[in-house]
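A short write-up of the structure that comes next.
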Amino acid sequence: MKVLKLIIKQKYFDQIMAGTKKQEFRDIKPSTEKKYIRIDKDGYALNDKNGNNIPIKYDAIRFYVGYAKNRATALIEVKGTHSETYVDENGKPVMWPQYGPDYWAERMVYDLGKVIKE
């Protein structure tokens with residue numbers, strides 16, 4: 001089983017455990033993209049036929065509440081994953097200039113399923 005490990009705030013953890021939070025979102029940045037999307041041998045993101053990033057397939061996410069030693073944790077099923085590009089009010093893609101002239105503002109969307117293990 002391929003598991004993504006993420007830190008989360010208590011209020012969002014509680015919502016996931018209650019079943020009211022059905023998706024988790026993570027921005028794709030140069031420092032995190034290798035964790036979320038498939039990268040080719042030259043270090044570039046792999047895209048599908050529509051130009052969208054190809055996500056790394058995870059079976060589950062292990063959520064950790066904060067960084068304390070005795071923190072709450074849970075393993076949650078991932079039902080689906082896709083990337084979304086941020087767009088402005090005119091529907092045009094937004095760029096993150098702090099990461100370079102060609103870096104799109106994007107995020108990963110994880111569709112959450114059942115609690116596998118608390």
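A compact table of results
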{"item": "Residue in the stretch 104-115 that is in contact with a His (Cβ under 8 Å, 6 or more places away or on another chain) and closer than 22 Å to Val3 by Cα present", "result": "yes"}
{"item": "Restricting the stretch 40-58 to residues that are within 13 Å of the chain's Cα centre (by Cα) and open to solvent by 40 Å² or more (accessible area, probe 1.4 Å), the residue that is farthest from Lys21 (Cα to Cα)", "result": "Ile54"}
{"item": "Inter-residue pairs, beta-carbon under 7 Å, first surrounded by 11 or more Cβ atoms within 10 Å (Cβ to Cβ) and in the stretch 10-23, second of a type in the set (Lys, Arg), 6+ apart", "result": "Tyr12/Lys21; Gln15/Lys21"}
{"item": "Near pairs, Cβ below 8 angstrom, 6+ apart or cross-chain, from the stretch 73-102 (among the β-branched types (Val, Ile, Thr)) to any residue that is open to solvent by 90 Å² or more (accessible area, probe 1.4 Å)", "result": "Thr73/Glu118; Ile76/Lys114; Thr81/Lys57; Thr85/Trp104; Val94/Trp104"}
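The values are calculated or read from the model by the stated rules, or taken from the named source; none is laboratory data. All figures in this text were calculated on a predicted structure; none of them were measured in a lab. Backbone-built Cβ (ideal geometry, glycine too); neighbour counts: all protein chains shown. All accessible areas refer to the heavy atoms of the entire protein, side chains included, with ligands and DNA or RNA removed. Shrake-Rupley method; radii C 1.70, N 1.55, O 1.52, S 1.80 Å.
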